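Report on the following structure.
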């Protein structure tokens, strides 16, 4: 029987060892890892949600919507992570020493702040997305982009607000900072609810 050109093996290829094609499928171990990660994050989300709802007692239910309370709870939780992580980085990771990157020398307080900011940016996004505004139907990538926009605006409010109140108007720095924090917290909640996660449209 004559073989067609397509049926013949490539030159130098032995008939005894045919070409084997591997299916582009993930191995069972990879699938198990992905499943374990999903289960882990799902369980963590349930634990944090139940913890928040534990403090949502009857007197508060009459005054504060559950979504608002959860936002305040995860905000406080992320603030706690921020304080602990900053203390740990400054005292142990950096050992209170400035870091020389060759081009620039960054002081320990500033570098500890930068490390903490990067970590708490993502923990804050995760908590807001999955605990406070879990009903949101906005795509995850769009949520992250909008969340970054709100954070950037908050940084600008803090910077220019302190410039105005302290350096221009001469107000006391601590009181000025407290007033600005009230503004940024209020703005953050409204922006996250009506823009970033847009849960006001969810049933």
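Sorting the Cα pairs of segment 137-203 by distance into bins of 10 Å, from 0 upward, gives 21, 40, 24, 13, 3 percent per bin.
With an a/c value of 1.5 or above and a/b not larger than b/c for the gyration tensor axes a ≥ b ≥ c computed over the alpha-carbon atoms, segment 18-172 is described as oblate. In whole angstrom, how far apart do the alpha carbon centroids of segment 146-203 and segment 77-135 sit? Cα centres, segment 146-203 to segment 77-135: 19 Å.
Throughout, read-outs are computed from the coordinates displayed, never taken from laboratory work. Treat the numbers as computed from the prediction; the structure is a model and nothing was measured.
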